[in-house]
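Shown next, in structure tokens, is the structure this report addresses.
The values are calculated or read from the model by the stated rules, or taken from the named source; none is laboratory data. Note that the coordinates shown come from a computational prediction; the quantities given were computed from them, not determined experimentally. The protein model used for the area step is the full one, side chains on, heavy atoms only, and it has no ligands, DNA or RNA in it. Shrake-Rupley method; radii C 1.70, N 1.55, O 1.52, S 1.80 Å.
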Amino acid sequence: DAALYVAESWGQRVEKISTTDGRALWVRSFAAAEGSATTAHEGERLKPASDPLAPFPYTCVADEKHGRVFVSLWAQSAVLVLDATTGADLARWPVGAHPNEMLLSADGRLFVAEANLNSVSVIDTATGRVSERLTASLFPNAPPGSMPNSLALSPDGELLFVANANNNNVAVFDV
């Protein structure tokens, strides 16, 4: 049965949804859903998250070959590894601040864009360890601010393209 994995950042949950009939095959809730931000004239500008441990799951990447789903946890600097069949926790891998978009290469490396660090962590999915960190900033030792937020591989898997939202550019790596 084909499925779609959905990360609901503000809903604080991940769902596996059947593409055949649209029903939820499993749901993982991590914290209470967050309401929308509120503003008040001359008052508090942004309502903070009610749960300081809320992970804000950002995206899901299926690893069908190994029956896993990778979930980037924006507020916890981690990638959560779930069992694709049950949604149960398998592992939690530390990465840099504000992981967002991820990409699984054919050779099993997981690329994780880190919006708060100008970087992309490369995870060896066999060990769960960061094997390399790519710097996507405009120049060496640039302060954070490039905000990598999207990834793509060339069809041959040799080039990684990293979109930097705040720089309005694309960094290209021979991987």
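A few points about this structure:
- The chain shape via C-alpha gyration tensor axes, a/c threshold 1.5: oblate
- Heavy-atom surface analysis with a 1.4 Å probe gives the chain a carbon and sulfur content of 52 percent of its accessible area.
- Relative contact order (%) - the chain, alpha-carbon pairs under 8 angstrom, separation at least six: 11 percent
- For segment 163-169, 3J(HN,Hα) computed residue by residue from phi via the Karplus equation (6.51, -1.76, 1.60; θ = phi - 60°) reads 7, 9, 4, 7, 8, 6, 9 Hz, glycine and proline entered as x.
- Span from the segment 79-104 Cα centroid across to the segment 137-175 one, whole angstrom: 21 Å
- A 1.4 Å probe run over the protein chains yields, for the chain, 54 Å² of accessible area per residue, whole-number rounding.
- Value of relative contact order over segment 100-175, rounded to a whole percent, pairs C-alpha under 8 Å and six or more apart: 24 percent
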